[in-house]
Structure formats: C-alpha cells, structure tokens
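Bear in mind that the values in this text are calculations on the coordinates, not laboratory data. Keep in mind it's a predicted model, so treat the numbers as computed, not measured. Glycine also receives a Cβ, built like all others from the backbone with ideal geometry; neighbour counts cover every protein chain displayed.
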Amino acid sequence: MALTESKMLQLGTKAPEFDLQDTLSGERKSFKDIKGTEATVVMFICNHCPYVIHVNRQIVDLANDYLPLGVGFVAISSNDVENYPQDAPEIMTVVGKALKYPFPYLYDESQETAKAYDAACTPDFYVFDREDKLVYRGRLDENRPSSGKEPDGKELRAAMDGVLKAKGVSSLQYPSAGCNIKWKK
C-alpha cells in the first residue's frame, strides 16, 4: 500500500460523464442517473484499502443523512482486479450489500472514469453543485486509521451544507489520503 494524496481537480470543473455497471443493482448508471437535485457526491473507493474501511460507516451515515436533502451519491472502484482480485465486481456486490450502501457502487473496468476525475487514491471525494460544477474535492475529515479517532465527515459535511444552504464552500480544502488507485500496467 502506497500512501497517496488527491490530485485536487480544479474547482469549477464540470462533472465528467460516465456510464458504468452498478455492482449492486446490475444496471448501468451514468452521472445523470445518480445526480442529486441539489448536489452530487462522487467517491472513489475500493474494498480492501484500510483508509476506505476506516470511513465506510461514515460514508453510509453521510449518504443516509443527505440523500433525503437532494444530494446524490455514487461510489466508484477503478482498481485493477487482475492484480487486486479482492476488488472484483462480485466482491464489490458482497461488500456493498453487507455495509448497506444506499448508493450505487460502480465498477470502472477501463479506469477511464478515474482518469477523467483525476482520481489518485481511495477514498477520494468530489462534490458538485446543482449545475454539476466541482465545489469540493479532497478528504472526508482529518481522521486516519492510525489517529485512534472515528471519522466524523466534518469537512465533507461542511461542503454539502455550504451548497445546500447557498453559503458557498470554503476554498480551503485538503487532499484526501489513502491507498493509490491500482492502475493497470
């Protein structure tokens, strides 16, 4: 595992479109399909990364708190499953159902979606406003598996609240850190 930080995609970037297989429903999903009426959160995660495992409960809580407020959520795994079979779609299905993900868990087999979002690590978080413009990218909060503290999602929650309350989102944003995306060779 190589600790990697987000690349911090340019704020204001229009949400890149995608069309990927949802490992939970078996349906194909696009950005338009998962988009919220008020905001949209795109998360790059995977099954095996300890940084993702550390925040899984909090991302489920976040989604359950904000989905009723018009925030759409999606998780995407882009890892090379040939070399990291624990991230294979059939295991994504098991993990997503076991953790009761209330959002689609998409498999980015070609890795083109991760490249379009300039994703670098898992977890990596992006918040888009109702015009699909990037207003936040980076970390969930400052907690890490080694911190001894449970994640609270404070920074991602503040970004979503800023969009929902039309107060804007602070430009002071910190990169996420976690396992690097496992790129195909």
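In table form, for the structure just shown:
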quantity	calculated
The chain - mean residue ellipticity at 222 nm from DSSP helices (-39,500 (n - 2.57) per run, n ≥ 4, rounded to 500)	-7500 deg cm²/dmol
Under-5 Å amide H pairs with Leu106, H placed in peptide plane, nonlocal only	Thr23, Ala75, Ile76, Ser77
Region 25-34 - phi-based ³J(HN,Hα) in whole Hz, Karplus 6.51/-1.76/1.60, Gly and Pro as x	9, x, 8, 8, 10, 10, 4, 4, 5, 9
For the chain, share of DSSP beta bridges that run antiparallel, in % to the nearest 5	70
Simple Cβ-charge dipole of region 57-146, Lys/Arg +1 and Asp/Glu -1, about Cα centre, in debye nearest 20	340
Estimated dipole of region 1-120 in Debye, rounded to 20 [Cβ of Lys and Arg +1, of Asp and Glu -1, Cα centre]	320
Estimated dipole of region 79-124 in Debye, rounded to 20 [Cβ of Lys and Arg +1, of Asp and Glu -1, Cα centre]	340
Local electrostatic count at Pro104 - Lys and Arg +1, Asp and Glu -1, tallied over other residues with Cβ under 11 Å	-1
Rough spin-label spacing in nm, given labels placed 7 Å along Cα→Cβ, for Asp161 and Glu27	3.2
Ratio of the Cα radius of gyration of the chain to 2.2 N^0.38 Å, where N counts its residues	0.93
Prolate/oblate/rounded label for region 107-185 (Cα gyration tensor, a/c 1.5)	oblate
Theoretical gain in end-to-end length, Gln111 to Lys184 [0.36 nm per residue, Cα-Cα removed]	25.5 nm
For the chain: relative contact order, % (alpha-carbon pairs under 8 angstrom, 6 or more apart)	34
Unit charges at the beta carbon, dipole of region 3-180: most positive-side option, Ala98, Pro123, Leu164	Leu164
Links that overshoot a 32 Å alpha carbon limit, given the list Lys165/Lys185; Lys14/Lys149; Lys14/Lys100; Lys32/Lys154; Lys149/Lys184; Lys35/Lys182	Lys165/Lys185; Lys14/Lys149; Lys149/Lys184
Charge tally in the Cβ shell below 13 Å around Gly153, where Lys, Arg are +1 and Asp, Glu are -1, Gly153 excluded	-3
Gaussian network model of the chain, Cα within-10 Å springs - most flexible of Leu99, Leu11, Leu164	Leu99
